[in-house]
1. What is the antiparallel percent of DSSP beta bridges lying wholly in the chain, to the nearest 5?
2. Arranged from highest to lowest average of other beta-carbon atoms within 10 Å per residue, in what order do the peptides 51-62, 486-497, 245-256 appear?
3. Report the extension gain between VAL459 and ASP359 in nm, rounded to one decimal, defined as 0.36 nm multiplied by the number of residues separating them, less their alpha carbon distance.
4. Would you list, by chain and number, the lysines whose Cα falls below 22 Å from the Cα of LYS341, excluding same-chain residues fewer than 8 positions away?
5. Starting from the coordinates of the alpha-carbon atoms of region 161-236, obtain the Kirkwood hydrodynamic radius over all distinct pairs and give the value in Å to one decimal.
6. Which net charge results for the neighbourhood of SER343, defined as the other residues with beta-carbon distances under 13 angstrom from its beta-carbon, given Lys and Arg at +1 and Asp and Glu at -1?
7. Label GLU275 and GLU69 with points 7 Å out from Cα along Cα→Cβ: what is the distance between them in nm?
8. Pull up all non-local amide H partners of SER469: gap of 5 or more, or a different chain, and H-to-H distance under 5 Å with H placed in the peptide plane.
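The values are calculated or read from the model by the stated rules, or taken from the named source; none is laboratory data. Since this is a predicted model, take the numbers as computed values, not measurements. Methodologically, a virtual Cβ is constructed for each residue, glycine included, from the backbone with ideal geometry; neighbour enumeration extends over all protein chains shown. Areas reflect the complete protein model, heavy atoms only, side chains present, ligands, DNA and RNA absent. Shrake-Rupley method; radii C 1.70, N 1.55, O 1.52, S 1.80 Å.
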Amino acid sequence: MKQICTRILLTVIMCLVGVNAIAYAAYDFYANGIYYNYINDGKELEVTYRDEINGFVTSNYSGDIVIPEEVTYMNRTRKVTSIGYEAFYDCSQLTSVSIPNSVKTIGSYSFWKCNNLISVSIPDNVTTIGESAFEYCGSLKSLNFPPGITVINNNICRGCRSLTTLIIPDGVITIGANAFGGCTGLTSLTIPNSVSNIGNCAFMKCSGLTSLNIGNSVISIGYEAFRECSRLTTVVIPNSVTSINRNAFYDCNRLTSLTIGKNVTEIGSSAFYGENITTIISLIEDPFVISQETFNQNTFKNATLYVPAGTIDKYKSTEGWKNFLFIEEGTGDNTPTETYKCSTPTISYKNGKLTFICDTEGAVCQYSITNDDIKYGTSNEVQLGVTYNISVYAAKSGYQNSESVNATLCWIDVDPKTEGIDNSITTVRAKAVLIQSNGSTLTISGAEAGMIINVYDTVGRLVGSTNASTGTTSVSTMLQCGEIGIVKIGEKVVKVLIK
């Protein structure tokens, strides 16, 4: 009501003085260079824009902006929990934004067309980022999505031509339409194992992309999802995929090698319409009808189609597939197929360094690390546990991504945690402990020999116990996959998700 009344008053005043442009105040108050609105019944704050003139958002944010975690206004202190809809819309002189840990939501169009925005820090507590939030941020170089994000919304970073580093965390389920279309600076892309749907035009015209790893849970690849990714040379469609929509890899003209997973039941028209494909490995055992435009006519005439043993007659009698002049059973010599999968990596810790090792030669480990200590609240003291949650999987072009492996790293020394600091003031030893789960069994590395290790469920029942031995200790529990285990090592208590 307050905002509506303000807009009516402003309109009346401007009409009286003969001003042509009608301005609407968008904010409830202004403090230290930032505009805010009250949200959640006035208990929290969101960052917003200055005003609106003739339907167009205006603001004056520029340079480097640091958003505070809380703001005191008229003797009331409130947390900043949201970056509002269109908050920094078209702020062409904005160069960087630091977002506090208190923020949970970044609204749609919040940084739309901030052409000079180079960097933005997104805290781990953010769980929602609206559509077009960073669309046309042409100078943005990197984007690291927080681990709580499950949906990457439509157009979220379309046209970010300078983007070279993109980290999509394991946990994202859907990548929306046009999410990263026109991100020409991207050279390498890994779709994590959690993703099931890649939206229409999601990576269209990412012309710098040379390496693509599609996670082994993807079910659908959308219309024009990778159209005009003109530097891709090898594409492996994993066995999880059932649907490849039309024009999905249209005009990927450097593509020479293609593997199609065994569970694909639909391939749209012009899905692989490129000029230079020489090798196609189809793992489909029951071929279905495809359009004569699925592949370029030169592909039908010159490429070799490799098919599963015993299926060559099916392919030669099925519309579309029978147009290939060269069909052979097998996979061809020295051609990696989707049946190869990266080895699951191992995690170790020593002297302040985490090490990830995968036995698959050339595989690169993809990791996410979150720190539960970074929180906000109200009290006179904060107990720091220094606990990190780690998730890692391995990826390699032409191979399936490995299974994810998870671990928890903590310190059990009761003294202040200053591992690695050695100066004239203090030297404090902190004992690092790495906890990993393999089904109901926990393995614990780094605990002092003889130390008691107890595991409880969430209602306090003891479900496993042992004494630590030198090196690695195993604890059998009664916990099931998906449950939380409470691990007590000496006086240290750590929550661990059983996987």
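1. On the way: 68 of 116 bridges.
Among the beta bridges of the chain, antiparallel pairing accounts for roughly 60 percent.
2. Details: 51-62: 14.7, 486-497: 17.6, 245-256: 21.4.
Packing proxy ranking, top to bottom: 245-256, 486-497, 51-62.
3. Details: separation 100, 0.36 × 100 = 36.00 nm, distance 3.94 nm.
Contour length minus Cα-Cα distance gives 32.1 nm.
4. LYS262, LYS396, LYS499
5. On the way: mean 1/r = 0.0833 Å⁻¹.
Kirkwood hydrodynamic radius for region 161-236: 12.0 Å.
6. Details: positive: LYS341, LYS396; negative: ASP359, GLU361, GLU403.
For residues surrounding SER343, the net value is -1.
7. 5.7
8. Long-range HN contacts for SER469: GLY450.
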